Amino acid sequence: MWENIKEFASTFFVTGDPLIYGADVAIVLTSIAIVFVLTYFKKWTWLWREWITTVDHKKIGIMYLIASLLMLFRGGVDALLMRTQLALPNMKFLQADHYNAVFTTHGTIMILFMAMPLMFALFNLVVPLQLGARDVAYPFLNSLSFWLFLMGAMLFNLSFVIGGSPDAGWLSYPPLSELSHSPGVGQNFYIWGIQISGIGSLATGINFLVTILKMRAPGMKMMKMPLFSWSVLSSSIMIIFAFPILTVTLALLFLDRFLGAHFFTMDLGGNPMLYVNLIWMWGHPEVYIVVIPAFGIFSEVVATFSKKKIFGYKSMVFSMMLISIVSFFTWAHHFFTMGSSANVNVFFAISTMVIGIPTGVKVFNWLFTMFRGRITISQPMLWTLGFIPCFVVGGATGVMLAVAPADYQYHNSYFLIAHFHQVLIGGVVFGYLAGMYYWWPKVFGFKLDDRLGKWAFWMWNIGFYVCFMPQYALGFMGMTRRLYTYGSDTGWDLGWAPLNLVSTVGAFLMGIGFIFQVWQISYSIRKGERDLTGDPWGGRTLEWSIPSPAPMYNFAVEPHVTTDDAWWKVKEDRAKGIKPAPVKLEPIHMPKNSAIPFIMSVFWFIAGFGFVFDWMWMAIPGLVGVAGCMLARSFSYDTDYYIPVDEIERTEAALRGRTV
């Protein structure tokens with residue numbers, strides 16, 4: 001009996017690596033600390049009532065934000081482990097298998113479990129407020145989307161200590177990801193972690209598409225809508241068309257592994273290139289799904305801190321919508337070397353270059369907006385200014401990669417690694433950090449400390465260039481991606497080692513930048529400048545017209561919009577002595593909290609865990625639980641309530657009493 005338990009535990013848990021043991025101890029201690037704090041301060045009921053069962057878009061946004069920052073830490077540690085391994089020739093810091101797992105989890109976490117939830121955090125925190133709405137179109141679905149994301153992320157991250165991490169790359173190309181080459185459960189964790197969170201992502205896309213189309217304040221025509229909301233609309237459309245492709249692709253891969261199908265093998269009519277095409281039909285739009293909302297953020301930040309209306313509003317809108325369409329016709333540029341005909345490569349080369357045109361339009365519009373503007377160099381503006389040169393270099397190197405004949409030289413080299421980090425860190429991470437700093441006072445009611453924020457900004461920026469500029473040269477010098485180690489001959493004679501060492505120093509500088517941000521948040525919670533105005537930056541859109549943080553119903557009275565930059569117009573009218581007409585408060589219709597999204601997501605987790613280990617005794621009850629939750633929701637009728645006028649008056653008096 002005891003021997004059987006020991007044998008099971010030796011295969012069930014990941015063993016044999018001191019780094020894993022260290023992580024085990026950290027996880028156990030952190031879990032004990034969380035349980036102790038919640039119990040000692042008697043916060044379990046508060047946690048359940050205020051957060052776990054909430055359908056409030058603002059609280060859901062905060063939970064997305066916390067989860068994404070934790071995932072940024074996890075993915076960042078993976079990056080530092082890789083850079084340490086590559087710092088010098090013949091390093092033995094990581095074993096080869098562990099290195100494969102680390103670069104797989106780094107890429108997967110950073111794209112799907114860090115960038116996506118950080119994007120959804122800003123969707124939730126900002127869009128309803130910008131539109132003058134009281135919540136999203138489907139609050140229940142919004143809560144379900146978050147919990148599905150979190151359960152998927154937990155399932156994926158569990159592979160670190162249970163069963164073993166996936167190690168076939170962040171896109172899991174077959175045959176490496178097939179059972180023949182990856183017989184462990186790591187790939188199953190990959191499939192089900194992404195599948196479960198992917199359902200949540202698709203639901204979020206649908207939710208915000210409907211919210212933007214149907215929940216705008218009266219008078220807010222589409223061409224009067226803030227550009228960030230336009231960017232969310234563009235991203236949501238791409239999510240709706242792209243994520244079903246990912247779902248089907250991973251389902252077929254699971255059937256290959258689970259039932260012995262041959263969709264992506266070379267046997268019985270299968271073809272691995274079918275997988276590669278499908279995954280990039282999702283994968284390339286995914287890049288634009290996460291980067292276009294960053295473009296919306298930059299548009300808001302540049303206009304606010306230049307004290308000017310955005311230059312070329314309509315061209316910005318058309319550019320974003322054009323990108324969302326063209327992004328579906330560029331996927332084959334990821335494998336020009338596959339051997340397609342010249343005509344196919346020419347089509348995808350041209351479509352890839354074409355997408356640079358609307359992107360360039362936006363960069364010029366931001367520059368023209370700043371031209372002769374009264375620019376304030378705040379923290380959001382710093383990240384925006386840091387983004388522009390970084391993204392321009394990323395765009396230029398992207399056009400270089402789009403040249404099909406030249407791509408044969410760059411393919412799978414470190415040139416490519418440098419390029420996509422230039423786009424994804426310079427574009428997405430810088431953009432979302434700009435957004436986080438910009439809307440932080442609105443969400444939490446205080447600003448983040450300026451001095452610590454500048455330290456973080458410069459550490460990130462200097463570290464970025466120190467880390468990735470050498471990698472362009474390494475690519476030209478023949479260093480390929482996913483290389484575990486290199487010998488002294490290539491390291492010193494070919495000059496790889498000095499550049500890799502410099503690159504590693506840059507990665508650690510970015511890590512120090514992240515530590516400054518954690519310090520900044522901790523410090524600002526206690527001593528940050530409180531926002532008593534509701535409009536600390538001199539904003540232009542509706543979210544700045546209400547107190548910070550926003551009350552649970554957002555707007556006591558539904559705003560009426562007559563122009564774009566609606567809040568700026570109100571302030572101009574007030575300066576001219578034009579007062580708004582008196583309004584009469586009415587009861588506000590709101591959704592009730594629900595435990596079903598959380599419980600259904602737990603059942604999804606149970607089902608996913610069962611499928612990972614091929615334990616049908618666990619997977620089937622999990623799916624039955626999911627079906628039961630759907631039935632329970634179908635027969636739930638007590639789902640909403642009204643906030644009475646006297647309660648609204650008390651809340652507004654308390655909030656406005658401290659609002660100038």
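May I ask which of Lys447/Lys527; Lys59/Lys447; Lys442/Lys527; Lys307/Lys362; Lys314/Lys362; Lys308/Lys447 have a Cα-Cα span longer than 20 Å here?
Numbers: Lys447/Lys527 9 Å; Lys59/Lys447 18 Å; Lys442/Lys527 17 Å; Lys307/Lys362 18 Å; Lys314/Lys362 11 Å; Lys308/Lys447 23 Å.
Checking Cα-Cα distances, Lys308/Lys447 exceed 20 Å.
As a test of the formula, what do you get for the chain when each DSSP H run with n ≥ 4 contributes -39,500 (n - 2.57) and the sum is divided by the residue count, at 222 nm and rounded to the nearest 500 deg cm²/dmol? Intermediate results must be reported in sequence, preceding the final value.
On the way: 22 runs with 426 residues, N = 660.
When only DSSP H runs of four or more count, the value is -22000 deg cm²/dmol.
So for the stretch 86-221, what are the equivalent ellipsoid semi-axes in whole Å, largest first, each being the square root of 5 times an eigenvalue of the Cα gyration tensor?
Details: eigenvalues 289, 49, 25 Å².
That gives 38, 16, 11 Å for the three semi-axes.
Tyr432: accessible area at probe 1.4 Å, nearest 10 Å²?
Only protein atoms counted, so the area is about 0 Å².
Tell me, what HN-Hα J-couplings in whole Hz come from the Karplus equation 6.51 cos²θ - 1.76 cosθ + 1.60 at θ = phi - 60° for each residue of the stretch 422-434, using x for Gly and Pro?
5, 6, 7, 7, x, x, 6, 5, 4, x, 6, 5, 4
Working only with C-alpha atoms, what are the Rg and Dmax values of the stretch 127-200, expressed in angstrom?
Rg and Dmax of the stretch 127-200, Cα atoms, are 16.6, 54 Å.
Run through all the Cα pairs of the stretch 459-536 and give the fraction in each 5 Å bin from 0, expressed as whole percent.
3, 14, 16, 16, 12, 9, 7, 6, 6, 5, 3, 2, 0
For the stretch 582-660, just run the numbers: alpha carbon Rg, then divide by 2.2 N^0.38 Å, N being how many residues it has.
Working: Rg = 21.1 Å, N = 79, 2.2 N^0.38 = 11.6 Å.
Taking the Cα Rg and dividing by 2.2 N^0.38 Å, one obtains 1.82.
Count the net charge of all other residues whose Cβ sits under 15 Å from the Cβ of Leu274, scoring Lys and Arg as +1 and Asp and Glu as -1. Numbers along the way, then the final one.
Details: positive: none; negative: Glu178, Asp256, Asp267.
Net charge around Leu274: -3.
In vacuum, with every alpha carbon of the stretch 190-252 counted as one equal point scatterer, what does the Debye formula give for log10 I(q)/I(0) at q = 0.12, 0.14 Å⁻¹? Two decimals, please.
Result of the Debye calculation: -0.37, -0.47.
Place +1 on the Cβ of every Lys and Arg and -1 on the Cβ of every Asp and Glu in the chain, take the dipole about the Cα centre, and give the residue among Asn188, Gly107, Asn124 whose Cα lies farthest towards its positive end.
Asn124
Note down the magnitude of the dipole of the stretch 428-536 about its Cα centre, charges +1 on Lys and Arg C-beta and -1 on Asp and Glu C-beta and zero elsewhere, to the nearest 20 debye. Provide the component values of the computation, followed by the final result.
On the way: 9 positive and 7 negative charges, 63 e Å.
I would put it at about 300 debye.
Using mean Cβ contacts within 10 Å as the protection proxy, how do 186-196, 27-37 order, highest first? Intermediate results must be reported in sequence, preceding the final value.
Details: 186-196: 25.6, 27-37: 10.5.
My ranking of the peptides, most packed first, is 186-196, 27-37.
Please list, in chain and number order, the residues 5+ apart from Ser413 or on another chain whose amide H is under 5 Å from its amide H, with Hs placed from the backbone.
It is Arg481, by chain and number.
For the stretch 382-435, what does the convex hull of the Cα positions come to per residue, in cubic angstrom? Walk me through the numbers before you get to the answer.
Values: hull volume 3.0 nm³, N = 54.
Normalising the Cα hull of the stretch 382-435 by residue number yields 56 Å³.
Would you please put 612-620, 579-587 in order of how densely packed they are, using the mean number of other Cβ atoms within 10 angstrom per residue and starting with the highest? Before the final figure, lay out each step's value.
Values: 612-620: 14.4, 579-587: 9.7.
Top of the packing list down: 612-620, 579-587.
Taking the Cα centre of each part, how many Å lie between the stretch 550-619 and the stretch 335-363?
39 Å
Could you look at the chain and say what percent of its accessible area is carbon and sulfur, using a 1.4 Å probe and all protein chains?
Numbers: 19820 of 27800 Å².
Its accessible area is 71 percent carbon and sulfur atoms.
Sorting check: for 81-87, 645-651, which peptide has the highest mean count of neighbouring beta carbons within 10 Å, and how do the rest follow? If you can, show how the numbers build up before the last one.
On the way: 81-87: 20.3, 645-651: 13.4.
My ranking of the peptides, most packed first, is 81-87, 645-651.
Positive end of the charge dipole of the chain (Lys, Arg +1 and Asp, Glu -1 on Cβ, about the Cα centre): tell me which of Val161, Phe12, Pro405 has its Cα farthest that way.
Pro405
Wrap a convex hull around the Cα atoms of the stretch 405-514, take a quarter of its surface area, and give that in square nanometres.
Working: hull surface 32.5 nm².
If I average the Cα hull's projected area over directions, I get 8.1 nm².
Computed FRET efficiency, Cβ-Cβ of Leu268 and Ala653, R0 56 Å: what is it to the nearest 0.05? Write out the running numbers ahead of the final one.
Details: r = 72 Å, r/R0 = 1.29.
Efficiency, rounded to the nearest 0.05: 0.20.
Sort largest first and round to whole Å: the equivalent ellipsoid semi-axes of the stretch 194-298, each the square root of five times a Cα gyration tensor eigenvalue.
Values: eigenvalues 257, 35, 16 Å².
One finds semi-axes of 36, 13, 9 Å for the stretch 194-298.
Grab every C-alpha pair in the stretch 523-656, bin the distances at 5 angstrom width from 0 up to the longest one, and report whole percents.
Going from the shortest bin to the longest, the percentages are 2, 8, 11, 12, 11, 10, 9, 9, 9, 8, 5, 2, 1, 0, 0.
Could you tell me, in Å, what Rg and Dmax come out for the Cα atoms of the stretch 516-581?
15.1, 47
Compute the long axis of helix 496-527 from its Cα atoms, compare it with the longest principal axis of the Cα atoms of the chain, and write down the angle in degrees, 0 to 90, nearest 10.
On a 0 to 90 degree scale, this one is about 30.
Given a Förster radius of 30 Å and the C-beta distance between Ile350 and Ser315 as r, what FRET efficiency does 1/(1 + (r/R0)^6) yield to the nearest 0.05? Could you put the intermediate results ahead of the total?
Details: r = 22 Å, r/R0 = 0.72.
About 0.85, to the nearest 0.05.
To two decimal places, what compactness ratio does the stretch 323-423 give when its Cα radius of gyration is scaled by 2.2 N^0.38 Å? Walk me through the numbers before you get to the answer.
Values: Rg = 16.2 Å, N = 101, 2.2 N^0.38 = 12.7 Å.
Dividing the Cα Rg of the stretch 323-423 by 2.2 N^0.38 Å gives 1.27.
Provide Rg and Dmax in Å for the chain, with only Cα atoms included in the calculation.
My reading of the Cα-based Rg and Dmax gives 25.2, 84 Å.
Using only the alpha-carbon atoms, how far is helix 2-12 inclined from the longest principal axis of the chain? Give it as 0 to 90 degrees, nearest 10.
70 degrees
Magnitude of the Cβ-charge dipole of the chain, K/R +1 and D/E -1, about the Cα centre, nearest 20 debye?
Details: 43 positive and 37 negative charges, 499 e Å.
I would put it at about 2400 debye.
Between Tyr465 and Glu529, what is the spin-label point distance in nm, taking each point 7 Å from the Cα along the Cα→C-beta axis?
A separation of 2.8 nm, rounded to one decimal place.
Just reorder Lys92, Lys58 by solvent-accessible area, largest first, 1.4 Å probe, all chains present. Mind showing how you got there, number by number?
Working: Lys92 155, Lys58 25 Å².
Order by accessible area, largest first: Lys92, Lys58.
Once Rh for the stretch 1-157 is found with the Kirkwood sum over Cα pairs, what is the Stokes-Einstein diffusion coefficient at 25 °C and 0.890 mPa s, in µm²/s?
On the way: Rh = 18.4 Å.
The Stokes-Einstein estimate is 133 µm²/s.
Which number do you get for Rg(Cα) / (2.2 N^0.38 Å) in the stretch 556-608?
Numbers: Rg = 21.3 Å, N = 53, 2.2 N^0.38 = 9.9 Å.
Scaled against compact globular proteins, the figure is 2.14.
Say the dipole of the stretch 237-343 comes from +1 at the beta carbon of Lys and Arg and -1 at that of Asp and Glu; which of Phe328, Ala342, Phe318 then lies farthest toward its positive end?
Farthest towards the positive pole: Phe318.
Report the Stokes-Einstein translational diffusion coefficient (µm² s⁻¹, integer) for the stretch 1-93, Rh taken as the Kirkwood radius over Cα pairs, at 20 °C with viscosity 1.002 mPa s.
Numbers: Rh = 17.3 Å.
For the chosen part, D equals 124 µm²/s.
Please compute the length gained on full extension between Thr15 and Met616, using 0.36 nm multiplied by the number of residues separating them and subtracting their Cα-Cα distance. Walk me through the numbers on the way to the answer.
On the way: separation 601, 0.36 × 601 = 216.36 nm, distance 2.56 nm.
Length gained, Thr15 through Met616: 213.8 nm.
Given a Förster radius of 41 Å and the C-beta distance between Thr84 and Val210 as r, what FRET efficiency does 1/(1 + (r/R0)^6) yield to the nearest 0.05? Spell out each step's value before the answer.
On the way: r = 46 Å, r/R0 = 1.13.
My answer for the efficiency is 0.35.
Residues in the stretch 73-105, backbone N under 19 Å from the label point at His181 (7 Å along the Cα-to-beta-carbon vector): list them, ranges by number please.
Answer for the stretch 73-105: 96-105.
The values are calculated or read from the model by the stated rules, or taken from the named source; none is laboratory data. Computed from a prediction, not measured in an experiment: that's the story for all the values here. Reconstructed Cβ throughout: ideal geometry from the backbone, glycine too, with neighbour counts over all protein chains shown. Side chains included, ligands, DNA and RNA excluded: accessible areas come from the protein's heavy atoms. Shrake-Rupley method; radii C 1.70, N 1.55, O 1.52, S 1.80 Å.
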